[in-house]
Structure formats: structure tokens, C-alpha cells
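Remarks on the structure that follows.
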Amino acid sequence: MCAFIILKDITFILLAAGNSTRFGLEVKKQWIRVGDTPLWQFVANKFKPYFKDIIIVSNANDLEYMRSFDDGFKFVAGGSQREISLKNALNLVNSEWVLVSDVARAGVSIEMIERLILNKDKFDCVSPYLEVVDTAYLGDDLINRHDIKLIQTPQVSRTSLLKKALMSGENDAKFSDDSSAVKSVG
């Protein structure tokens, strides 16, 4: 068990609104079961003891059905893209920090969350990453694999900067994660 207690200055957002096109199954990943529990609820329940506010972002068609499983969370309808879903959730956030995770990251440990949170005051966004161990090319050019990091979620971000990035006039901007959005505002 990790050492941190309920985090009042951090809101947890679980993105579970996608259609699972990259997942390659007929069922949406958020509805895959862990025992009798849908994956979205399994992930949310794991972090429920640690966060005062947890926001579940759902496909609009699934919103009421998700709420019927556990109305102890805040629910919000997502959009057709990750940025839209996150914007919708951020409208409900009043905390200084926000931790955003994707439902597909069901195996994230409490210890990983703790490491991210312990480093939050050093940066505006903290994220886990994987190093590239294979030979890497960009087009025809060999690139130094040590310069490449594969950024993952969950990510903890300063809420004001994440909101600024996503709510800016750059509505065309497409961010695949929170770190790229925060980086866009310096």
C-alpha cells in the first residue's frame, strides 16, 4: 500500500469514451470484464480510496448505463476525439492538479501513481515513459534510439496549463496525450 492519503488537490480523470478501434475486439475495452466488473469500474475502484474526485468520461450512449454501476463517481460525456473528452472532463475540475489515465492502462499500480505525484511539483506535467531498445528510423534516416521516449499514461498535469492548452484558440490542434498539450503552451 502506498503512503499517500486522499488527494484533495488532484482530480483523477479516467478516459473511457472510445470506440476501441485500435483494440481490435468487437466489444469496447471499457466493457471488458475483470471477473464481474467492467474494466472502467475496475480501474476507477482501484483508485477510489486515494482521490476525493474521480471523473469518468464515457461515450454519451453509455453514460446512464455506466452510472447505474456506481453513482459514486462524477460522469461526463466524451467526444469523438481524446481532446474533446478531456475538455469535457476538465470543465468539472477545480483542483490545482489533474491525473489523467486511459481505461486501457488497467494495470497501473498505486506505486506508479505515487511516483508521478511525488514529482509533480518539479514539473508542469509528469508522465511515465518507455525507452526504445530497438533500432529506430525516421523515414530513411537512422536515429539515436536513446533520444526517443515512448510517453504513456497516466499523466499528472497542472490543471490550469492543461486547460489553457486544450481551451486555446488552436481548436485544430490534436494532442495524443497531456504532455504534448502542456508542451504546446511552453
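The values are calculated or read from the model by the stated rules, or taken from the named source; none is laboratory data. Please read these numbers as outputs of a predicted model, since none were measured by experiment. Note that we place each Cβ from the backbone using ideal geometry, even for glycine, and neighbour counts take in every protein chain shown. Note: areas computed on protein heavy atoms with side chains; ligands, DNA, RNA excluded. Shrake-Rupley method; radii C 1.70, N 1.55, O 1.52, S 1.80 Å.
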Q: Scan the strands (runs of 3 or more DSSP E) fully inside region 58-137 and keep the ones with 3 or more residues being modelled with pLDDT of 95 or more and touching a strand residue (DSSP E or B) at 6+ places or on another chain (Cβ under 6 Å).
A: 74-77, 97-102
Q) Which members of region 66-91 meet the condition of being without any contact (Cβ under 8 Å) to a residue 40 or more places away in the chain and more than 17 Å from residue 45 (Cβ to Cβ)? A) 76, 80, 84, 88, 91
Q | Considering residues of region 103-124 that are closer than 26 Å to residue 27 by Cβ and in contact (Cβ under 8 Å) with a residue 40 or more places away in the chain only, the residue surrounded by the most Cβ atoms within 10 Å (Cβ to Cβ) | A | 103
Q) Taking region 84-102 only, how many residues are open to solvent by 20 Å² or more (accessible area, probe 1.4 Å), within 14 Å of residue 175 (Cβ to Cβ) and touching a Lys or Arg at 6+ places or on another chain (Cβ under 9 Å)? A) 2
Q.
Taking the conditions exactly as written (surrounded by fewer than 20 Cβ atoms within 10 Å (Cβ to Cβ), at positive phi and not hydroxyl-bearing (Ser, Thr, Tyr)), does residue 35 satisfy them or not?
A. yes
**Q.** Residue count, region 51-82 (criterion: open to solvent by less than 20 Å² (accessible area, probe 1.4 Å) and under 26 Å from residue 115 (Cα atoms))
**A.** 6
(Q) Looking at the structure I just gave you, is residue 7 open to solvent by less than 40 Å² (accessible area, probe 1.4 Å), modelled with pLDDT of 90 or more and either more than 13 Å from the chain's Cα centre (by Cα) or of a type in the set (A, V, I, L, M) (or both)? (A) no
Q.
Which pairs turn up if I take residues in region 40-64 that are among the polar types (S, T, N, Q) and look for partners that are modelled with pLDDT of 95 or more and buried (at least 18 other Cβ atoms within 10 Å of the Cβ) with beta carbon separation below 7 Å, at least 6 apart in sequence or on another chain?
A. 58/75
